[in-house]
């Protein structure tokens, strides 16, 4: 991992990094406490590591909680090239927009391909971040992914990596069997955000995913709105601080 | 309204009152601010105004938020006599325990009868509380009812009384048509608590109730557990403070 740029303002240090082909960003408090927790943030489908909403959430976690926050671009997203398969998958998504069943199938096929590549990338990123002296192997780690692709990647990642101690997931994507199987292996505390009126995804499938988590502590929060217009209110902002700072 | 007992400890004044036949309790901060908000708490079915869980929630609202909290016994509950109809309704509940459809019908019939009596009692209680100089007509009012009967009464009460500015409701009871009709008239912010694994009540009926609220701000929180064993974690404790203190 090497840093390619560093800026600092308003108490936050933002460092862009590269780990092999993966472009990432690490936000940190200017004065971080030793072994401050690390939160991994996964962006939504079609978005990237520095969308305004994700930057705002990262800044909040740095300033309010004193956490480090890392984000990487998912394969074929943000600053990353798309493979021929990615281009074909995206074309298929566009063409299937008017046909719900075909759209669902195309979305799941593309998501599965992204997840397969993204999980090992995130694990390598955690390895590299733990090499940094300001993080180290003892910093508690949480997954603070948003809804949609951030959860599609975060669920199998959290199931696979015991370093993740608590996770924020959400709905807004088509849940497929491998997601449910991964969820059944997750036992860490889960906060689950459900857009109540998602325009594409039946809320029952999100409820099925929530049901599948083996965690004894899990809370579902639903707000009206679809996954583009939803405004999260009344959500417990102490979830990650409660589980990562002891 | 007249007070029948008053005790004070740990910063909380607890005053029992009677309003006609209605026994109630008012918890207040020892040093309340002028026009401090008033929260109405409705207990669950078969319970009463001073169950340990309700007392704990009331104490939290007094000490953490500086609110007044009022609770009354529902008709036929706590310190109140039961009518012959109440006794018959309760006998029917016991006898129908093994037959889900008969139990549902009996529960709805009894709940409807309680709600019909309780809503005007609560409104008279609000009238009386607003006569107290430490509350007055300008104190913001919220409904902080728990799940089950507290919501069955709270939904039509909130729909009927424009003095209630924000409400906490929940699942765990059989939602019937009059409840849905009342919910459609509610526009104030709603926090909705759903026991995810209720042993009697299908979660779809609670979701239907949540859907029915006309409120632009409404948040559903679900935790694993049935309505006796549920442990509420990760719920936004700032909901009432946010809407009642401006």
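Only one of (1) over 22 Å from residue A:45 (Cα atoms); (2) within 9 Å of chain B (Cβ to nearest Cβ); (3) surrounded by fewer than 22 Cβ atoms within 10 Å (Cβ to Cβ) fails for residue A:189. Which number is that?
Going through the list (1) over 22 Å from residue A:45 (Cα atoms); (2) within 9 Å of chain B (Cβ to nearest Cβ); (3) surrounded by fewer than 22 Cβ atoms within 10 Å (Cβ to Cβ), residue A:189 breaks only (3).
Could you check residue B:140 against (1) more than 19 Å from the chain's Cα centre (by Cα); (2) closer than 27 Å to residue B:232 by Cα; (3) surrounded by 14 or more Cβ atoms within 10 Å (Cβ to Cβ) and say which number it fails?
All conditions pass for residue B:140, except number (1).
State yes or no: is residue A:195 out of contact with any helix residue (DSSP H, G or I) (no Cβ under 7 Å at 6 or more places or on another chain), more than 11 Å from chain B (Cβ to nearest Cβ) and closer than 30 Å to residue B:212 by Cα?
yes
If I ask for residues that are more than 9 Å from every other protein chain (Cβ to nearest Cβ), assigned to a helix (DSSP H, G or I) and surrounded by fewer than 21 Cβ atoms within 10 Å (Cβ to Cβ), which ones from the range B:205-225 would you list?
B:205, B:208, B:212
Residue-wise test of (1) free of Cβ contacts under 8 Å to residues at least 12 places away in the same chain; (2) surrounded by 24 or more Cβ atoms within 10 Å (Cβ to Cβ); (3) touching a helix residue (DSSP H, G or I) at 6+ places or on another chain (Cβ under 6 Å).
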residue: A:107; (1), (2), (3): no, no, no
residue: A:121; (1), (2), (3): no, no, no
residue: A:129; (1), (2), (3): no, no, no
residue: A:135; (1), (2), (3): no, no, yes
residue: A:151; (1), (2), (3): no, yes, no
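Could you tell me which of the residues B:46, B:76 is on the phi > 0 side of the Ramachandran plot and either in a strand (DSSP E or B) or surrounded by fewer than 16 Cβ atoms within 10 Å (Cβ to Cβ) (or both)?
Exactly one of B:46, B:76 is on the phi > 0 side of the Ramachandran plot and either in a strand (DSSP E or B) or surrounded by fewer than 16 Cβ atoms within 10 Å (Cβ to Cβ) (or both), namely B:46.
All but one of (1) surrounded by 13 or more Cβ atoms within 10 Å (Cβ to Cβ); (2) outside any helix (DSSP H, G or I) hold for residue B:6; which doesn't?
Condition (1) is where residue B:6 drops out.
Whether any residue in the range B:153-166 is over 24 Å from residue B:104 (Cα atoms), within 13 Å of the chain's Cα centre (by Cα) and within 14 Å of chain A (Cβ to nearest Cβ) is what I want to check.
yes
Considering only the range B:87-105, state which residues are surrounded by 15 or more Cβ atoms within 10 Å (Cβ to Cβ), closer than 29 Å to residue B:16 by Cβ and without any contact (Cβ under 8 Å) to a residue 24 or more places away in the chain.
The answer is B:90, B:93.
Looking at the range A:9-33 only, could you name the residues that are surrounded by fewer than 18 Cβ atoms within 10 Å (Cβ to Cβ) and more than 22 Å from residue A:64 (Cβ to Cβ)?
The answer is A:16, A:18, A:19, A:20, A:21.
Would you check if residue B:178 is in contact (Cβ under 8 Å) with a residue 12 or more places away in the chain, more than 18 Å from the chain's Cα centre (by Cα) and away from every other protein chain (no Cβ under 11 Å)?
Judged against the criteria, residue B:178 is not a match.
Can you find even one residue in the range B:168-175 that is more than 14 Å from chain A (Cβ to nearest Cβ) and either more than 14 Å from residue B:107 (Cβ to Cβ) or assigned to a helix (DSSP H, G or I) (or both)?
No, that holds for no residue.
Give me the pairs: first residue in the range A:226-245 and more than 8 Å from chain B (Cβ to nearest Cβ), second residue at pLDDT below 80 and surrounded by fewer than 17 Cβ atoms within 10 Å (Cβ to Cβ), beta-carbon distance under 6 Å, and six or more apart or on different chains, which are they?
Qualifying pairs under 6 Å: A:226/A:199.
The values are calculated or read from the model by the stated rules, or taken from the named source; none is laboratory data. Since this is a predicted model, take the numbers as computed values, not measurements. Backbone-built Cβ (ideal geometry, glycine too); neighbour counts: all protein chains shown.
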